[in-house]
Amino acid sequence: MILSAVLFDCDGVLADTEMVVNQLVSAELSALGWVMDAHQARQTFLGMAWPDMRPLVEARTGQLPEGWEAALSHRITRMLEQETLAIPGAIAALQHVAARLPVAVASNSSRRELAMKMERLALSDIFGERRFSFEDVARPKPAPDIYLAAAHACGARAADCVVVEDSVTGVRAALAAGCRVLGFCRDTPAEALQAAGALPFDRMEALPGLLGL
């Protein structure tokens, strides 16, 4: 079995930011009339890009102002400047993989948010130009576009890539691109990731071994 590159999701795989982001999103939506807590925000929007969130929110709260997503994304970026942490074991696992194979990061975050996370986690040099936000492709996850772009940037066929994901939306995107998928189940149930088509695992320290590295 050929392994030519490893493609990483960001939030929940490399960056431990989802609770911080979901707290802000839940507060914003509750103020608009869709009352929820951070856990409910995560369940509702996990893995989704801003363009896909808007119709769900508007169905519950009415029409949103122009630029709502950009304004909320900017607030999230400012928060992440102070509160971005790494998933335990993720940086060492990534460094081990990157020393042996091309790697890329593919996130449904905005370009601004992803750049901030890479900077805060000191990962910009590891990924270089091989980093993709939903703004860099025609369609966000669960469409395959972002993982096809990431594979291409690594000079690899998608079928020869393994994707590391933590959401069902991301797993669907990776499989649609033709990649194999490892599902990190720290926050998402292993059963859900497996049912979507991923091989679940729950410790980042195990990643190099699962890849045969």
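Classify the range 101-213 from the C-alpha gyration tensor, please: rounded if a/c falls under 1.5, else prolate or oblate depending on whether a/b exceeds b/c. Rounded, since a/c falls under 1.5. In the range 25-126, a dipole from Cβ-located charges (positive for Lys and Arg, negative for Asp and Glu) runs towards its positive end, and of Ala70, Ala92, Trp50 it is Ala92 whose Cα lies farthest in that direction. Measuring nothing but protein heavy atoms, the accessible surface of the range 2-103 at 1.4 Å probe radius is 53 percent carbon and sulfur. Highest mean first, the peptides 147-158, 197-208 sorted by other C-beta atoms within 10 Å per residue fall in the order 147-158, 197-208. Between the range 1-57 and the range 109-138, the C-alpha centres lie 16 angstrom from each other. Remark: the chain carries 45 Å² of accessible area per residue (probe radius 1.4 Å; ligands, DNA and RNA excluded).
The trypsin sites (Lys or Arg not before Pro) of the range 39-129 meeting both criteria, a DSSP state outside H, G, I, E and B (loop) and at most 16 other C-beta atoms within 10 angstrom of the site's C-beta, are Arg100. Assuming 0.36 nm per residue, please report the length gained on full extension of the stretch Val35 to Ala92 beyond their Cα-Cα distance. This chain segment gains 16.7 nm when fully extended.
Consider the candidate values (i) 18.0, 53; (ii) 17.1, 56; (iii) 16.4, 51; state which one is Rg and Dmax of the Cα atoms in Å computed from the structure displayed. For Rg and Dmax of the Cα atoms in Å, the calculated option is (iii). For the chain, the 222 nm mean residue ellipticity estimated from helices alone, with every DSSP H stretch of n ≥ 4 adding -39500 (n - 2.57) and the total spread over all residues, rounds to -14000 deg cm²/dmol. Computed from Cα atoms alone, the Kirkwood hydrodynamic radius reported for the range 110-159 is 11.5 Å.
The values are calculated or read from the model by the stated rules, or taken from the named source; none is laboratory data. For clarity, every value in this text was computed on a predicted model and none was experimentally measured. In this analysis, Cβ positions are derived from the backbone assuming ideal geometry, glycine residues included, and neighbour counts consider all displayed protein chains. These area figures cover heavy atoms from the full protein model, side chains too; ligands, DNA and RNA do not enter into them. Shrake-Rupley method; radii C 1.70, N 1.55, O 1.52, S 1.80 Å.
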